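Engineer: The following block contains the structure, expressed as structure tokens.
A short reminder: the numbers here are calculations on the coordinates, not readings from a lab. Quick caveat, the model's predicted, so the values are computed rather than measured. Glycine gets a Cβ as well: all are built from the backbone with ideal geometry, and neighbour counts include every protein chain shown.
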Amino acid sequence: MSKKNWVTGFARIGEQRELKKVLEKYWKGETSFDEVVEVSNMLKVRHWKYQKDAGVDAISINDFSLYDQTLDMIEILGLTPDRFKDIEDKTARYFAMARGDKDHTAMEMTKWFNTNYHYIVPELRSGMKFNIDISKIISEFEAAKKEGITPKINIIGPLTFLGNAKRIDSNELDALGLFNEVMPAYIALFKELSKLDEQVIVQVDEPILVTDKAVELSLLVKEAYTKLAEVAENIDIYVVTYFDHAKEAVAQLIQTPIKGIGLDFVYGSENCDVLDQIAQSGKKLIAGIVDGRNIWISDIEKKVDFLNEIAKTVAKEQIIVSTSCSLLHVPYTLKYEEKLDAQIKSWLAYGVEKLDELNIITKLFFEGAEALNSDEALKFAQNREANASRKSSSMIFDEAVQERMKTIDELKKQRIEYEERINVQHEKFNYPPLATTTIGSFPQTPEVRAVRRDFKNGTIDEATYIEKMKEFIKECVEFQESIDLDVLVHGEFERNDMVEYFGEQLKGVAFSQNGWVQSYGSRCVKPPIIYGDVSRPEPMTVFWSTFAQSLTDRPMKGMLTGPVTILNWSFVRDDQPRSETCYQIALAIRDEVDDLQKAGIKMIQVDEAAFKEGYPLRRVNRPAYEKFALESFWICTNVAEIDTQIHTHMCYSDFNDIIDTIEAMDADVISIETARSGNILLKVFKEHGYKKEVGPGVYDIHSPRVPTVEEIEKQIHSLLEVLPARQLWINPDCGLKTRRWEEVKPSLENMVIATKKVREEV
Ligand code: GLN
Ligand code: ZN
């Protein structure tokens, strides 16, 4: 049967986070692995059924994973790192690789392209022996067949697998140099897959082909897919790309005997340029048009128009209608959203709702409106209505914000000269060289969480809540004074999350009840939904910061989350450019900065933890991102008076290629996460002649270990080899919220002692 539509992949954590719950129970030793398997099997069947019921022709297997599909791929190919080979039990080894155990540190984890999903980084070396094990695929294949589905088999392609891997036997940034060694493993895998059925469909995911690497990869693309297609006649290979265009690779792929190519037309509109090549090749075009990354409803009519546009070049019979990428990146279903405003809800489509859209679009495109049954026709009508209301709703368009946005260009500039302001600031604050501080949060103890929860549930009233929070702050401030930190913070006890806290207070931002998306392993996040014009009805942090300041004579840093980070960690409206939304958030934060300084908070930290994360996959698109990201940071910080000191913080990132942008952000002080990478990161600052003050984290907060005085002293000395004391701040490398007081107290105490010792020496 020829396929008309296709779902790249489905989420697996479960609509009630069933997989998360059973995994965590299992890890705690509270249940057996049998229960994990049972829940997994139930979820797989449920997800297949959702797709089948929605009329999806091409449904995946092996998109399910107990932890991560790259880790599964390592197991399937048998490319287990040597350091885990002493663990005989397959399950124990799998989870040791994912999470570490008492004898093994976990494998590294990193972001899957430009998403918030993290995959396990394969550790490869030359001379590794592979060992194909497709038992997982076989069991899923059989289970799917039992459900009346002839599935496609999802695997991660060799180029993406190698491009995302690291070499443990060389300094190369990826493992593409092992192409000739790993291809035989893939060939052996395909041989095994060919035995599964008379005809086997394999979806090979190659998102690496949408990155800048695509150019250097073109020869390998052709070689890889020529070889794989030769393995067995009965395998139909579909190479699927997503997150951007894959134009370079298409030119190569059409020269290989694969059956079809998947392209993302939502985030890679340039893919339209290669339609004629695909048309001539006769290959199938898997046209990714239903957004797999965001939660807004499709405009079904427009999508059908777009497909008709494609059909002017590519024959209809060649086209398969698809999601833009796996539905892993969106929540499951709106079914459990009972509290969301009905209007906003009508604008949303999570995974299951996207299946319906795909079905309706497919029918309209191939057969016309007559083909819709009454339920589908109703959904189509509702879709039209919802799209119309989204274009005019007063919930989305806020005149005051629009008015303000007209003058935004005037605000896109840096503050007055750094040299001038830093002198004024030194005079005002009089902090010593190697000033000590923290990144903001202090331990979120069960007690702190309970108070927040009780207030949310209404178990305690506002006055009680405020009293209790004030106590936490007071204790925190007293502790910081007692160990003699130079610049204090209030501790962020009132926040459960650095984005959610602000999102909840901003107009134009909504929160779902059940909009969970897998971040890694059993971890899920519930991103805010930015649906309309953003503004700040009232001050968000001034109350807590001024209370904290009233307790001490030392400078108290105000703590804000920056606009770029709020943007990058949310589902962002798609009816205006992301830059516009970012500027609106920046205006809201700007008002907060101003209110803080007016209230006497003269050191203000605007965290941009996710600044680097939002970088586009293709270099050509970077300047546009950097422009609005920078401008947004300026908009919210250039309201600061000359004697207001602006801090920022960035979590671990590769700063190498963005150092000029960091300089241009123009923060007076930046704290960065460097504890785990020695001085390499800091050297980048030095080499680029970075002039402003820097707080390179002197110890790793991700570990419960308490660093000794000597260790930190040594660390500070090595910092001093790179930058002068006057330019350096001393702080941990990120917020302390995940740590316990038992660890935080001695660690910070040691940090201050070490700093004082060094100060005396220099
Ligand atoms: N101020 C925040 C905190 O300390 C920063 C967190 C972060 O960088 N992720 O928790
Ligand atoms: Zn951080």
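Engineer: Could you give me the radius of gyration and the Dmax of the chain, taking only the C-alpha atoms into account and expressing both in angstrom?
Structural biologist: Expressed in Å, the Cα Rg and Dmax of the chain come to 27.0, 84.
Engineer: Any idea how far the Cα center of region 579-616 sits from the one of region 1-44, in Å?
Structural biologist: What the calculation gives is 39 Å, centre to centre.
Engineer: In the chain, once you exclude exposed chymotrypsin sites (Phe, Trp or Tyr not before Pro) (DSSP loop, at most 15 other Cβ within 10 angstrom), what's the longest stretch remaining?
Structural biologist: 1-396
Engineer: Still on this structure: With axes computed from alpha carbons, what is the tilt in degrees of helix 135-146 against the longest principal axis of the chain, rounded to the nearest 10 within 0 to 90?
Structural biologist: Once rounded, the angle reads 60 degrees.
Engineer: Moving to a separate point now. Let me check against my output: what whole-number percent is the relative contact order of region 5-329, with C-alpha pairs under 8 Å and at least 6 apart? Show your work: numbers first, answer last.
Structural biologist: Details: 578 pairs, mean separation 52.3, N = 325.
For region 5-329, the relative contact order is 16 percent.
Engineer: Given the options G78, I297, G14, identify the residue whose Cα lies farthest towards the positive end of the charge dipole of region 5-329 (+1 on Cβ of Lys, Arg; -1 on Cβ of Asp, Glu).
Structural biologist: G14
Engineer: Could you line up H717, H490 from fewest to most neighbouring Cβ atoms inside 10 Å?
Structural biologist: Exposure proxy ranking, most exposed first: H717, H490.
Engineer: Another question, then. Which GluC sites (Glu not before Pro) does region 194-281 hold that lie in a coil by DSSP with at most 15 other beta carbons within 10 Å?
Structural biologist: Answer in residue order: E198, E233.
Engineer: Still on this structure, please answer the following. DSSP loop (so not H, G, I, E, B), at most 12 other Cβ within 10 Å: list which GluC sites (Glu not before Pro) in region 674-728 pass both filters.
Structural biologist: Filter output for region 674-728: E721.
Engineer: What fraction of the DSSP beta bridges in region 5-329 is antiparallel, stated in percent and rounded to the nearest 5?
Structural biologist: That works out to approximately 10 percent antiparallel.
Engineer: Continuing with this model, one more query. In degrees from 0 to 90, rounded to the nearest 10, what is the angle of the helix 300-310 Cα long axis to the longest principal axis of the chain?
Structural biologist: For helix 300-310, the angle is close to 60 degrees.
Engineer: Output the 0 to 90 degree angle, nearest 10, between the alpha-carbon long axis of helix 90-99 and the longest principal axis computed from the alpha carbons of the chain.
Structural biologist: 40
Engineer: Given K3/K316; K222/K312; K247/K612; K52/K283; K213/K612; K683/K714, which pairs have Cα atoms separated by over 21 Å?
Structural biologist: K222/K312; K247/K612; K52/K283
Engineer: Could you work out [θ]222 nm for the chain from helices alone, using -39500 (n - 2.57) per DSSP H run of at least four and dividing by all its residues? Round to the nearest 500 deg cm²/dmol. Provide the component values of the computation, followed by the final result.
Structural biologist: Details: 27 runs with 324 residues, N = 762.
About -13000 deg cm²/dmol.
Engineer: Going by Cα centres, region 226-248 and region 416-441 are how many Å apart?
Structural biologist: The distance from the Cα centre of region 226-248 to that of region 416-441 comes to 56 Å.
Engineer: Taking every DSSP beta bridge with both residues inside the chain, roughly what % is antiparallel (nearest 5)?
Structural biologist: 15
Engineer: For V694, V290, V424, what ranking results if the residue with the fewest other Cβ atoms within 10 Å of its Cβ goes first?
Structural biologist: Values: V694 23, V290 29, V424 15.
Ranking V694, V290, V424 by Cβ neighbours within 10 Å, fewest first, gives V424, V694, V290.
Engineer: Another question, then. With unit charges on the beta carbons (Lys and Arg positive, Asp and Glu negative) and the dipole taken about the Cα centre of the chain, which residue among G600, S394, S139 sits farthest to the positive side?
Structural biologist: About the Cα centre, the residue reaching furthest to the positive side is S139.
Engineer: Are there any GluC sites (Glu not before Pro) in region 284-389 that are in a DSSP loop and have at most 14 other Cβ atoms within 10 Å? List them by number.
Structural biologist: E338, E367
Engineer: Longest segment of the chain with no trypsin sites (Lys or Arg not before Pro) in a DSSP loop having at most 13 other Cβ atoms within 10 Å?
Structural biologist: 414-690
Engineer: I'd like the Karplus ³J(HN,Hα) series for region 458-465: coefficients 6.51, -1.76, 1.60, θ = phi - 60°, whole numbers in Hz, and an x wherever there's a Gly or Pro.
Structural biologist: With coefficients 6.51, -1.76 and 1.60, one gets x, 5, 10, 8, 4, 4, 5, 4 Hz.
Engineer: Beyond a 24 Å Cα-Cα separation, which of these cross-linked pairs lie in this structure: K191/K363; K152/K195; K111/K379?
Structural biologist: Going by Cα-Cα distance, K191/K363; K111/K379 fall outside the 24 Å limit.
Engineer: Relative contact order for the chain using alpha-carbon pairs under 8 Å, separation at least 6, rounded to a whole percent?
Structural biologist: It comes to 11 percent, rounded to a whole number.
Engineer: Something else about it: Cut-off is 10 Å between beta-carbons; in what order do I439, I201 appear when sorted fewest neighbours first?
Structural biologist: Going from least to most buried by this count: I201, I439.
Engineer: While we're on this one: Which of P577, I589, F611 sits farthest toward the positive end of the charge dipole of the chain, with +1 on the Cβ of Lys and Arg and -1 on the Cβ of Asp and Glu?
Structural biologist: Farthest towards the positive pole: P577.
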